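Undergrad: Submitted below is the structure of interest, expressed as structure tokens.
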Amino acid sequence: SWAPVLECISQLARLHLLSSGLDTDDTFFSNPSEDMDGSNDSSTSDNNNNSSGSSGGGGGGRRKSKLGGGGGFQKKKTSEAARQAYKFFYGPSRADQARQIEQSNAEQVISEVDTVMIDRVFSSSTRLSGDAIQEFVAQLCKVSHKELNTQQGAAMGTMNMGRAKDIQADMSQPRVFCLQRLVEVADFNMDMRGRIVWAKVWHMVERHFTAVALKENLAVSMYAVDSLRQLSLKFLSKDEMAGFSFQRAFLKPFEVIMKGNETGKLREFILSCLNNILLARAQNVRSGWRSILAVFATAGVDQEESIAQLAFDILSRLVRSQFALLQFDFSDLIRCLNAFVDGPHAKIALGALGLLQLCAANLAQGSVTDKAIAHHAAQATTAAGKLTRLTSTGSMVSMTSVELDERATFEGTDGPNGS
């Protein structure tokens, strides 16, 4: 099985970072609540040690509590400065001493290991058979899950037995080594595998990334979304073959994450990632428009106006300057615009209503080709029928443009007491 091998490689990678003096993943992806608890425990421990002597020692314990105990509420830069200040006056803490020992041990281990061979394990995955690459990816996802699960990450096998408590606490924080390697493996194999094998591989990859992005740890979630962005940029660098809809499956995770995670910062980041993808690869998007428009529709009804506005700005640019790219997903475009019209923000709803009128005008002027109309034959067989459908869709909106205008004016004056 690949699992034990990948777990060993994961720990070797951590030791390599320690021996190089670089920050490990716990520096970037630790949960704030866990950091707070850990700093309080460390503060209490050092406070008890320092208070066992003279009154000056007791003062030192209180000083430590002030500097380190509230670190979970401050920025990392501030907490690092506090730790440096404590170290200057009172010497290395127990956690620092444990780290120094761990770093020394890491240097001895890594000196006997060729790290290039570790990279080859993943770059050589292209040589595996169809069944073997699926097993490899499945085990890589499994180990990545252990790394990201703070309760399991510190207990991989028996690797942590005998380690200092402070080091075990560090290793209990989320790690993204296998998640990063998963991106690399997908990148290596994307163009090397047949469509059937790649579809099975991607199903495992996207399911894992989606689960990671739905976690409460914002830093880890954003890392997963950014990884999806990188893979999407490469996948969309080539045109989709006629009759295939793999783009839709490839971009589906963005839709699922957008609907499943209501964190404002993450939703805004998802929209920024899609905007980045569209600026670079819009000409190559085919079946993927449905997933992209579904993301925009979710943002259109978001209570945070900044999120809805960002999605609307991207959609408005597409409709006004790249409408031809959207004509084969005309029905999804109309549903997306209706979501903005029905949304809680009046000014954005007015803008969406204007885009609906623009779509109707483009349809009447023949901007939607016969081929695109035939693509929607199940919904409407003629341009006139399509226009009738569009008109009836617009009439379903509960508020008229006049009512929207009045509401926008009311909100613009901050209510009845506004000026």
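The values are calculated or read from the model by the stated rules, or taken from the named source; none is laboratory data. No experiment lies behind these values; they were computed from the predicted model shown. Cβ placement follows ideal geometry from the backbone for every residue including glycine, while neighbour counts extend to all protein chains displayed. The accessibility values were calculated without ligands, DNA or RNA, using every heavy atom of the protein model including side chains. Shrake-Rupley method; radii C 1.70, N 1.55, O 1.52, S 1.80 Å.
Undergrad: So is V116 free of Cβ contacts under 8 Å to residues at least 12 places away in the same chain, out of contact with any Ser or Thr (no Cβ under 8 Å at 6 or more places or on another chain) and open to solvent by less than 80 Å² (accessible area, probe 1.4 Å) or not?
TA: yes
Undergrad: Continuing with the same structure: Can you name every residue in the stretch 176-216 that is outside any helix (DSSP H, G or I), open to solvent by 20 Å² or more (accessible area, probe 1.4 Å) and in contact with a helix residue (DSSP H, G or I) (Cβ under 9 Å, 6 or more places away or on another chain)?
TA: D191, M192, R193, G194, L214, K215, listed by residue number.
Undergrad: Could you tell me whether S331 is of a type in the set (S, T, Y), modelled with pLDDT of 95 or more and over 16 Å from V301 (Cβ atoms)?
TA: The answer is no for S331.
Undergrad: So, P416, is that one over 26 Å from Q283 (Cβ atoms), surrounded by fewer than 14 Cβ atoms within 10 Å (Cβ to Cβ) and modelled with pLDDT of 70 or more or not?
TA: It is false that P416 is over 26 Å from Q283 (Cβ atoms), surrounded by fewer than 14 Cβ atoms within 10 Å (Cβ to Cβ) and modelled with pLDDT of 70 or more.
Undergrad: Out of R286, R248, I need the residue that is in contact with a Lys or Arg (Cβ under 6 Å, 6 or more places away or on another chain), at pLDDT below 95 and surrounded by 14 or more Cβ atoms within 10 Å (Cβ to Cβ). Which one?
TA: None of the others qualify; the one that does is R248.
To keep it simple, each residue is scored yes or no on (1) under 13 Å from L315 (Cβ atoms); (2) touching a Lys or Arg at 6+ places or on another chain (Cβ under 8 Å); (3) surrounded by fewer than 20 Cβ atoms within 10 Å (Cβ to Cβ); (4) basic (K, R).
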site	(1), (2), (3), (4)
D329	yes, yes, no, no
R335	yes, no, yes, yes
F340	yes, no, no, no
G343	yes, no, no, no
I348	yes, no, no, no
A352	yes, no, no, no
L358	yes, yes, yes, no
A361	no, no, yes, no
A364	no, no, yes, no
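Undergrad: Also, I was wondering about something else. Of the residues E268, E240, E255, which is open to solvent by 40 Å² or more (accessible area, probe 1.4 Å) and without any contact (Cβ under 8 Å) to a residue 60 or more places away in the chain?
TA: Only one candidate qualifies: E268.
Undergrad: Quick check on E240: is it out of contact with any helix residue (DSSP H, G or I) (no Cβ under 6 Å at 6 or more places or on another chain), in a loop (DSSP other than H, G, I, E, B) and at pLDDT below 95?
TA: Judged against the criteria, E240 is not a match.
Undergrad: Right, another one. Please state which of the following conditions T263 fails to meet, knowing it meets all the rest: (1) surrounded by fewer than 20 Cβ atoms within 10 Å (Cβ to Cβ); (2) under 22 Å from Q322 (Cα atoms).
TA: All conditions pass for T263, except number (2).
Undergrad: Is it the case that the stretch 360-376 has a residue that's modelled with pLDDT of 90 or more, of a type in the set (A, V, I, L, M, F, W, C) and either closer than 23 Å to G300 by Cα or under 33 Å from the mean Cα position of the chain (by Cα) (or both)?
TA: Checking the stretch 360-376: at least one residue is modelled with pLDDT of 90 or more, of a type in the set (A, V, I, L, M, F, W, C) and either closer than 23 Å to G300 by Cα or under 33 Å from the mean Cα position of the chain (by Cα) (or both).
Undergrad: Next up: With the requirement that a residue be open to solvent by less than 60 Å² (accessible area, probe 1.4 Å) and farther than 18 Å from M192 by Cβ, what does the stretch 222-231 give you?
TA: M222, A224, V225, D226, S227, L228, R229
Undergrad: Looking at the structure I just gave you, is R120 modelled with pLDDT under 95, of a type in the set (K, R) and within 20 Å of H16 (Cβ to Cβ)?
TA: Answer is yes for this residue.
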